[in-house]
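Colleague: So that we are looking at the same thing, I have put the structure below in structure tokens.
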């Protein structure tokens, strides 16, 4: 029997169950009432929960709120911020709908293929990269506050590649702005989405001030691969040796850096 997804998932019990699966935690009745209030679904007291049904917009807002709470568990949520997040992340709603369409309308014996495990990186390696960017050893309390800002558990030893990239970018941002307050997590993600940032790794990460200094005064050979990463070219030190006439101890002038950039543009697409 074909099931209309919007009607089925719009029922209160079904919707709450799916939100708990997305969030990965149990949602208390008090929290669910607050979520209903944020999504504009306010019901008179005494109405049975099992008989409640939501509109299509309220359903999508509650599903999106579950995604928001999974990604940003400590941030304050308002109706306006929830709608802004919903409008910029509609694809997540479509992912939920597609998954349940397949689960409900397909045969029971058909199982979806297992999702690939996310790549994990040791936090100790991430901290070494951040120390190199800051030119000092980050204190234990400072490092703990950075992890707490991203919602990483206190004794976590490994993180996904995305969180590792944000931590490294936080070190770049703190190097350039030592006294300012960190931007919101979603603002940090937006600032990272540029051609040069996509080509940067933990080994090649550098701050905007470093890049400006290299452009004005040149850089040493050991920093050349980081300079090229800021220009949008993924190049390792081993590859630079293969290209010839390269030394990590040599200081390259601004004109020589432009020559290396031109060479990289011919050998590596940006």
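The values are calculated or read from the model by the stated rules, or taken from the named source; none is laboratory data. Predicted model, so just to flag it, every value in this text is computed and none were measured. Every residue, glycine among them, receives a Cβ derived from its backbone with ideal geometry; neighbour counts consider all protein chains shown.
Colleague: Take residue 229 and decide whether it is touching a residue at least 12 places away in the same chain (Cβ under 8 Å), assigned by TED's automatic domain parsing to the domain that holds residue 152, surrounded by 17 or more Cβ atoms within 10 Å (Cβ to Cβ) and within 21 Å of the chain's Cα centre (by Cα).
Modeller: For residue 229, the condition - touching a residue at least 12 places away in the same chain (Cβ under 8 Å), assigned by TED's automatic domain parsing to the domain that holds residue 152, surrounded by 17 or more Cβ atoms within 10 Å (Cβ to Cβ) and within 21 Å of the chain's Cα centre (by Cα) - is not met.
Colleague: To continue, here is another question. Name the residue, out of 203, 161, that is in contact (Cβ under 8 Å) with a residue 40 or more places away in the chain, within 21 Å of residue 122 (Cα to Cα) and touching a strand residue (DSSP E or B) at 6+ places or on another chain (Cβ under 7 Å). Spell out how you get there, then give the answer.
Modeller: Details: 203 fails: touching a strand residue (DSSP E or B) at 6+ places or on another chain (Cβ under 7 Å).
Answer to the selection: 161.
Colleague: Given the residues 85, 72, which is the only one that is under 24 Å from residue 149 (Cα atoms), modelled with pLDDT under 80, buried (at least 19 other Cβ atoms within 10 Å of the Cβ) and touching a helix residue (DSSP H, G or I) at 6+ places or on another chain (Cβ under 9 Å)?
Modeller: 85
Colleague: Looking at 213, 229, 171, can you tell me which residue is part of a helix (DSSP H, G or I) and over 26 Å from residue 124 (Cβ atoms)?
Modeller: 213
Colleague: Across the range 235-260, what is the number of residues that are within 16 Å of residue 211 (Cβ to Cβ) and at pLDDT below 90?
Modeller: Number satisfying all stated conditions: 1.
Colleague: Out of 128, 110, 147, 154, which single residue is out of contact with any helix residue (DSSP H, G or I) (no Cβ under 8 Å at 6 or more places or on another chain), outside the structural domain of residue 69 (by TED's automatic domain parsing) and either modelled with pLDDT of 90 or more or under 20 Å from residue 23 (Cα atoms) (or both)? It would help to see each step written out before you state the result.
Modeller: Details: 110 fails: either modelled with pLDDT of 90 or more or under 20 Å from residue 23 (Cα atoms) (or both); 147 fails: out of contact with any helix residue (DSSP H, G or I) (no Cβ under 8 Å at 6 or more places or on another chain); 154 fails: out of contact with any helix residue (DSSP H, G or I) (no Cβ under 8 Å at 6 or more places or on another chain).
Just a single option satisfies the conditions, and that option is 128.
Colleague: I would also like to ask the following. Looking for whichever is farther than 23 Å from residue 208 by Cβ and exposed (fewer than 15 other Cβ atoms within 10 Å of the Cβ) here; the options are 145, 139. Which one fits? Walk me through it before giving the result.
Modeller: Numbers: 145 fails: farther than 23 Å from residue 208 by Cβ.
The conditions single out 139.
Colleague: Related question: Do we find that residue 216 is loosely packed, with under 13 Cβ neighbours inside 10 Å and either in contact (Cβ under 8 Å) with a residue 12 or more places away in the chain or more than 25 Å from residue 85 (Cβ to Cβ) (or both) in this structure?
Modeller: Answer is yes for this residue.
Colleague: With the requirement that a residue be out of contact with any helix residue (DSSP H, G or I) (no Cβ under 9 Å at 6 or more places or on another chain) and either over 21 Å from residue 217 (Cα atoms) or part of a helix (DSSP H, G or I) (or both), what does the range 233-259 give you?
Modeller: 238, 241, 242, 244, 255, 256, 258, 259
Colleague: Within the range 61-80, restricting attention to residues that are in a helix (DSSP H, G or I) and under 18 Å from the mean Cα position of the chain (by Cα), which residue is farthest from residue 37 (Cα to Cα)?
Modeller: Checked the range 61-80; the qualifying residue farthest from residue 37 (Cα to Cα) is 71.
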